[in-house]
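Each remark here refers to the structure printed beneath this line.
The values are calculated or read from the model by the stated rules, or taken from the named source; none is laboratory data. All values derive from a computational prediction rather than experimental measurement. Reconstructed Cβ throughout: ideal geometry from the backbone, glycine too, with neighbour counts over all protein chains shown. Just the protein is used for accessible areas: all its heavy atoms, side chains included, with ligands, DNA and RNA removed. Shrake-Rupley method; radii C 1.70, N 1.55, O 1.52, S 1.80 Å.
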Amino acid sequence: FFYQKAEKQFMKGEYDYAIENYSQALGKGADPKEANFKIGESYRRSNRIAESGQYYKAAIDAGTSHETSNLYYGLSLKAQGQYENAVGVLKNYAKSGRSRTVKKRAKYEYKRIEQIGKIPEQKTKYKVENFSQINGEGNDYSPANMGENLIFASARGESKTYAGTGQGFSDLYTFTYDNQTTKTSGFVKKLDESNVNQDYTHEAEPTFTPDGNTMVFARGNDGSKKGDKNVMLFSSTLQPDGNWSKPTKLSINDPNAWNGCPRFSRDGKKLYFGSNRKKGRGGIDLYVADYNSGQFAHVKNMGSKVNTIGNDMFPFIHEEGDLYFSSDGQIGFGGLDLFKIEMDERGKPTGDAINLGKTINTTHDDFAMMFDSRGKGFFCSNRPGGQGQDDIYRFVSEVEPYYFLNAIVKGSENGTVELLKDAKLTLKHNEEVVSEDFTDSLGEFHIRLKKDYDYTILAQKDNYFTGKLDFIVNDELLKTLTKNENGDYVVPEIVTLDKIVVITQTIDSSGASPSPVPKGGTITLKGIYYDLGKANIRKDAEPALNKVVQFMTDNPGITIELSSHTDSRDSRSNNQALSQRRADSAVAYIVQKGVNAARITAKGYGEDRLINECADGVDCSDEQHQANRRTEIAVTSVKNTINEDLKKYQEQKRKEEEERKRLEEMQKEMEKEAEENKEGEGASDQEKSDYEKYLEMKKKMEQLEKKFKDEQQEKEDNN
């Protein structure tokens, strides 16, 4: 009884009633595969997909044959912000599911979810607060300006319950406010008690011509048709007595489709609206029509930069010409997200749709954005913490400056400096890698920075020593910079890399006369001192040796010789032995710090490599002798690693581009299949057809049963 009652309500789109009766049926032993699936469908179709997940999961666990359960369960997890679990469910079904069409859609969806982490942070930040002065317990949504009045839709008050959502029907209301201070006056009241608002229909989404004399709004769900395809656009004009005329349907309505979300352009010459009519790209698409002297004509789809396989709705044209809209088909955090896209002087979308970011978007539905001044306005959301399901929120936007690094990498060799392209740049913060990239043909590298962060740049190029630079983006640094034309700060840094010179000359320490110092390739380490006649590492020598450890870490492709030298005082053999012990001690210290022993060789040269004339028999000062007592490092070999990293980087970029193109192709396939579904019977129509067949069969069975009973009664009467 409960199940059959729920089936009838489901087919009529009375989803809230259907949920109640399917739940009753479950408690009385109904098939959990079907009942749970239908509850999930009822929640999803009444725009409550986050609540549908547990029922799809229950249907799956019970062995449902409805393949879409897996798809919608994954999308429900996405709507709850459980991205990792959503990807797991969708990816698993894409590999092992039975329906080719649903598997393709599941793959498409999980690949889109994987892109969420790549949504860039936005320059514009939004401060959001619930506009509690007007929100009630029912749905409050789709605000629009009419002079000093805010006109919006609300399901408040005493009215018949709309069986699709369990709430009342929405009417248009008005509220007076000051758009500069947001101070309010008056009270919420219906826009019109006679012509515009009706008892058993939804009125919503008002928009007005610039003079305020013509209003277009959406009206629907009057029960004349099943489902939601009877939502239509209506027009009404303001009469001299202050009332609105009886609304008339717009000629641009498609009678076989959903038509809603109207919004006039700022000059009133165009009307933007949403519709799921045939030959669209998927669910609800955005369209634009010309408006002139009360007539609407030349309807055009806004194209693939805006419209997706999902729902693209609630347009608003900003005074700067950008289109703001809501979409669950663009890559977003879940549900409807708010986006903007630039448009040219002809009103054609250019560039890509930009997600407005986490300061305004959530995993729930965020939609119907409008500005009442340059940086202030309203939008709607069913996020937690509101006063009803859909609430109106007030926002104030602030544009914060971006901070960019513009690093230039140069190479130096024998006094000659040149720009280095394809040098590897690693940007670190607190020893964690923020970014890895390569310089362009001009030797430049650009990246976004964060204020009050301290950064380290590592610049690497084969056959060059690694360059290192530290800086912090703070107020002191910003005082030395000026903002560019976009209001952003650019931090200029130059990193110069010295060409590596490898030792090619060997020294025979057995020779009786001092050998000359090799030209180039030798770095003298200052601050490494030993006690007289001793080789142990003193505490005051550790900082210098730690720099060698860091040097080896920063230059992973080189091997070095660490050499120790003495002055000429004492015998040549004693000096040779002492210098070797000192070199061995220094190398042991470095290896103990984690440097691979195979990358470093200890070499003691004694007094063989004097850097001045202070040989045996020459009278020199202590300072001159001290200059010869030194520790040096020299590169003995170089293993090229950066070119290999560059190849891997280029291959990764190639794969990312291929993946992006595959995702675009998948979207086109999804759009094509969605269009084919529109041309034929959709899933809901098929279910409706199956149910009607069931009712016909049931009716025939009842007729046969009645005939049988009548015949039995007739026999008894004759007896």
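Computed from the mean reciprocal separation of all distinct C-alpha pairs, what Kirkwood hydrodynamic radius does region 365-432 have, in Å? Walk me through the intermediate numbers first.
Details: mean 1/r = 0.0574 Å⁻¹.
One over the average 1/r among Cα pairs gives 17.4 Å for region 365-432.
Net charge in the neighbourhood of Ala544 (other residues with Cβ under 12 Å of its Cβ; Lys, Arg +1, Asp, Glu -1) is +2. Applying 1/(1 + (r/R0)^6) with R0 = 22 Å to the Cβ-Cβ distance of Gln626 and Asp498 gives a FRET efficiency near 0.25. When peptides 281-289, 429-437 are sorted by average Cβ neighbour count within 10 Å, with the highest value leading, the order is 281-289, 429-437. For a 4.7 Å threshold on C-beta separation, the list of partnerless cysteines in the chain reads Cys261, Cys380. Packing here is the average count of other Cβ atoms within 10 Å per residue, and on that basis the peptides 98-111, 235-248, 647-660, highest first, run 98-111, 235-248, 647-660.
Could you tell me which of rounded, prolate or oblate describes region 288-441, using a ≥ b ≥ c as the square roots of the eigenvalues of the alpha-carbon gyration tensor, with rounded for a/c under 1.5 and, failing that, prolate when a/b is larger than b/c and oblate otherwise? List each step's numbers first, then the result.
On the way: a/c = 2.77, a/b = 1.84, b/c = 1.50.
Note, shape of region 288-441 comes out prolate.
Projected onto planes of every orientation and averaged, the convex hull of the alpha-carbon atoms in region 303-393 covers 5.8 nm². Recomputing Kirkwood radius over Cα pairs in Å from the coordinates shown identifies the correct label among (i) 32.7; (ii) 31.7; (iii) 28.6 as (ii). Compute the long axis of helix 49-61 from its Cα atoms, compare it with the longest principal axis of the Cα atoms of the chain, and write down the angle in degrees, 0 to 90, nearest 10. Relative to the chain, helix 49-61 is tipped by roughly 90 degrees. Solvent-accessible surface of the chain, averaged per residue with a 1.4 angstrom probe and all protein chains in place: 51 square angstrom.
Of all DSSP-defined beta bridges confined to region 538-686, some 55% are antiparallel rather than parallel.
Carbon and sulfur: what percent of the chain's accessible surface (1.4 Å probe)?
The value for the chain is 47 percent carbon and sulfur by accessible area.
If R0 is 25 Å, the Cβ-Cβ spacing of Asp211 and Phe187 corresponds to a FRET efficiency of close to 0.45. Among 624-635, 254-265, the peptide with the highest mean count of other Cβ atoms within 10 Å heads the list, and the full ranking is 254-265, 624-635.
Every helix of 4 or more DSSP H residues in the chain counts as -39500 (n - 2.57), and over all residues that averages to -9500 deg cm²/dmol at 222 nm. The angle separating the long axis of helix 2-11 from the principal Cα axis of greatest extent in the chain is about 80 degrees.
Can you tell me how region 1-143 classifies by the Cα gyration tensor, rounded, prolate or oblate, using a/c under 1.5 as the rounded cut?
Details: a/c = 2.76, a/b = 1.17, b/c = 2.35.
Cα axes put region 1-143 in the oblate bin.
So if I average 1/r over every pair of distinct C-alpha atoms in region 512-637 and take the inverse, what Kirkwood radius in Å does that give? Intermediate results must be reported in sequence, preceding the final value.
Working: mean 1/r = 0.0676 Å⁻¹.
In region 512-637 this quantity evaluates to 14.8 Å.
Sites listed here are chymotrypsin sites (Phe, Trp or Tyr not before Pro) in region 522-562 whose DSSP assignment is loop and whose Cβ has at most 14 other Cβ atoms within 10 Å: Tyr529. Kirkwood hydrodynamic radius computed over region 317-367 comes to 11.2 Å, based on all pairs of distinct alpha carbons.
Phi angles of region 25-31 translate, via the Karplus equation with coefficients 6.51, -1.76, 1.60 and θ = phi - 60°, into HN-Hα couplings of 5, 4, x, 10, x, 5, 4 Hz per residue; Gly and Pro are given as x.
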